[in-house]
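**Q** Questions regarding the structure given below will be posed in turn.
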Amino acid sequence: MPVAPKPAAAKRRPMRKDKEYVLRLAKEHDVRFIRLWFTDILGVLKSFAITIDELEKALEEGMGFDGSAIEGFARIDESDMLAVPDPNTFCLLPWRPRENAVARMFCDVTYPGGKLFEGDPRAVLKRNLAQAGRLGYTFYVGPELEFFVFKSADAPVPIDGGGYFDLTPLDAASDLRRDIILSMEEMGIGIEYSHHEAAPSQHEIDFRYTDALTMADNVMTYRLVVKEIAFKHGLYASFMPKPLAERNGSGMHVNMSLFRGERNAFFDAKDRLHLSGTAKRFMAGILRHAPELTLVLNQWVNSYKRLVPGYEAPVYVTWAQRNRSDLVRIPMYKPGKESTIRIELRSPDPACNPYLAFSAILAAGLEGVKTHRMPPSPTEENVFELSEQERLRRGIRQLPGNLEQAIELALGSRLLRRALGDHVFESFIANKRIECDRFHRTVTDYELKTYLPLL
C-alpha cells in the first residue's frame, strides 16, 4: 500500500550527533558492547562487536578488519580495512538486556589511510546522493517492505490463512507486528502503519519518508529487527521474494521524490497529476533504464518468480496514475499537501541491497532530469490484458524474465556501471554469474517429481 509522507517528515533531517554525544549516551544507558554494522555488496548485514572501552578509539580511528572475508570487498593482497562508525546511527538494540546494554552503529568502510573504500555500498549511495546535492536536490524515499512469517526456516509453512487487512484469527501475527513496530520506534525509526498482506502469513510495515541514506540504514535495521522479533515469538521471518509458488510474492515498492530545501521539486499545482516537469523527467529516466537496473532491484534467481503476470507484480515498462499493474504508479495527491506528491516504483523486492537499489534508481532518475527526457503516454488499462501486438504497437518493453537476462542487460549499461562504480559493478556481476551457474547445476524438486517416475 502506498505511503503518504507527512509534510514535516519529508522535511526533517536527522539530528547530527558527534563523538561526545555518543560517549555520553553510552555512559547514560550502561552500554557495554557496541556492534559495528556494514553490508557486503549483496546487502547482507555484517557485524562485529567492540567493548565500551574501545568506543572512543573506534570513533576517532575506526576499527580494523579483514576485508577479504567479505563478499565483494577486497582481494587477499589488499585486505586491511577500517570500519569507521557513523555517530548519527548510534542507538540501543531494544531486544537485548538493558543492563550491560548493546548498541549499534553503521560504519563507513575505508582504507587504512582514510580513503573511502569504493566497494562499500554505503559509500556508493553517498556518492550518488552527493551528485544529486550538486544539482540542488535531496532524495527522499519511502519503501514498503513485505515479508512472510513461517513456522520455521525448514519449510514455508504459513501460520495463518489471512489476506489483505484481515484481523485475528485470520491474522495470527498482530502481536508480532506490534513488537516489531515498538522495537523500531525505540530505535528512532518512524513507522506509518502496518497490516496483513495479500498472501497467507504475509505482512507489511511502512516507514515514514526520510532521506535515502537514513532510509537505507533503516531498511537494513528493519530486516534484522523483523527476524529477531519473529525468533522471539518462535517463528521465522523471510524476505525471500517468492516463497509460495501460487501466491503473491513480497515486494519493496519505493515511493520517492526530490526536494529543493523545504520544497517538493516533484509538485506542480497547475499540472493535471500535480507532477512537475522535474518529476516527469525523473520518471522518464527510470522508465528508460528500468530493464538494465533490474539486476540490482531484483538480484536473486528467486526474484524472477515474483515478476510474472497474475500476482500484482510489474512485468512491463509502463506507468499510470492508479493502475497497480504498471511499473511506475502516481499515488493519489492529498489536496494542500504538496509534500505527498511522489512516484512509486513497484518492481524492487525486499531482498535487494537498499544502498545499491537507491543509487541505481537515483542515477536513472537524474539522467532523465539532466537530458530533459519525457515519459511516454500512461497505460491506464491493465497492461496484462493487452495483446502482444498491441504492446508492440505501443512500444511497451518488458522487464527481464530471469537472472541471466538481467545480467546481460546490466552488462551493457553504462549508467549502472557509473552509478555503482567499477569495483561494485564488476564484483556484483561476477557474483550473479556464479549464482546462475549454481542454479543451473541444481537438481530441483520439480525435476525429481516430474522426471524420476517417468524416465
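**Q** Rg/Rh for the range 321-431: what does it come to with C-alpha atoms and Rh from Kirkwood?
**A** On the way: Rg = 16.3 Å, Rh = 16.5 Å.
Rg/Rh: 0.99.
**Q** Go ahead and estimate [θ] at 222 nm for the chain from helices alone: -39,500 (n - 2.57) per DSSP H run with n ≥ 4, summed, over the residue count, rounded to 500.
**A** Counting only the DSSP helices, I get -11000 deg cm²/dmol.
**Q** Right, next: Can you tell me, using C-alpha contacts under 8 Å and at least 6 residues apart, the relative contact order of the chain as a whole percent? Spell out each step's value before the answer.
**A** On the way: 896 pairs, mean separation 72.8, N = 455.
With pairs under 8 Å counted, the relative contact order is 16 percent.
**Q** Here's something else I'd like to know. Just need log10 I(q)/I(0) for the chain at q = 0.05, 0.07 Å⁻¹, Debye formula, equal scatterers on the alpha-carbon atoms, no solvent, rounded to two decimals.
**A** Debye curve over Cα of the chain, log10 I(q)/I(0) at q = 0.05, 0.07 Å⁻¹: -0.18, -0.35.
**Q** Treat the count of other C-beta atoms within 10 Å as a stand-in for reagent exposure and order Glu61, Glu344, Glu385 from fewest to most.
**A** Taking fewest neighbouring Cβ atoms as first place, the list is Glu385, Glu61, Glu344.
**Q** Lysines near Lys334 by alpha-carbon distance under 30 Å, same-chain residues fewer than 8 away left out - which ones?
**A** Here the lysines satisfying the reach criterion relative to Lys334 are Lys6, Lys11, Lys270, Lys280, Lys370.
**Q** Right, next: Rounded to whole Å, give me the distance from the Cα center of the range 163-240 to that of the range 275-315.
**A** Value for the Cα centre distance between the two parts: 23 Å.
**Q** If you don't mind, there's one more thing I want to ask. What relative contact order, as a whole-number percentage, does the range 344-455 give when Cα pairs under 8 Å and 6 or more residues apart are counted? Please list the in-between numbers first.
**A** On the way: 26 pairs, mean separation 32.5, N = 112.
Computed value for the range 344-455: 29 percent relative contact order.
**Q** Enumerate by residue number the trypsin sites (Lys or Arg not before Pro) in the range 80-130 meeting two conditions: DSSP loop (anything except H, G, I, E, B), and at most 15 other Cβ atoms within 10 Å of the site's Cβ. Display every interim value, and only then the final one.
**A** Numbers: sites: Arg98, Arg104, Lys115, Arg122, Lys126, Arg127; in loops: Arg98, Lys115.
Passing sites in the range 80-130 are Arg98, Lys115.
**Q** Sticking with this one: What are the lysines whose alpha-carbon lies under 29 Å from the alpha-carbon of Lys432, with same-chain residues fewer than 8 places away excluded?
**A** List returned: Lys46, Lys115, Lys126, Lys227, Lys242, Lys305, Lys449.
**Q** Just report the Cα centroid separation between the range 380-449 and the range 76-105, whole Å.
**A** For the range 380-449 versus the range 76-105, the Cα centre distance is 35 Å.
**Q** A further question follows. Between the range 242-262 and the range 24-39, how many Å separate their Cα centres?
**A** The two parts, judged by their Cα centres, are 31 Å apart.
**Q** Give the long-range amide H neighbours of Phe106: residues separated by 5 or more places, or on another chain, with amide H under 5 Å away, using H modelled in the peptide plane at 1.01 Å from N.
**A** Result for Phe106 returns Trp37, Asp86, Thr89.
**Q** Related question: So which trypsin sites (Lys or Arg not before Pro) in the range 138-210 end up in coil per DSSP with only 15 or fewer other C-beta atoms within 10 Å?
**A** Passing both the DSSP loop test and the Cβ count: Lys151.
Read-outs throughout are calculated quantities, based only on the coordinates presented, and are distinct from any laboratory measurement. Source: prediction; values computed, not measured. So basically every Cβ, Gly included, is an ideal-geometry build from the backbone, and we count neighbours across all protein chains shown.
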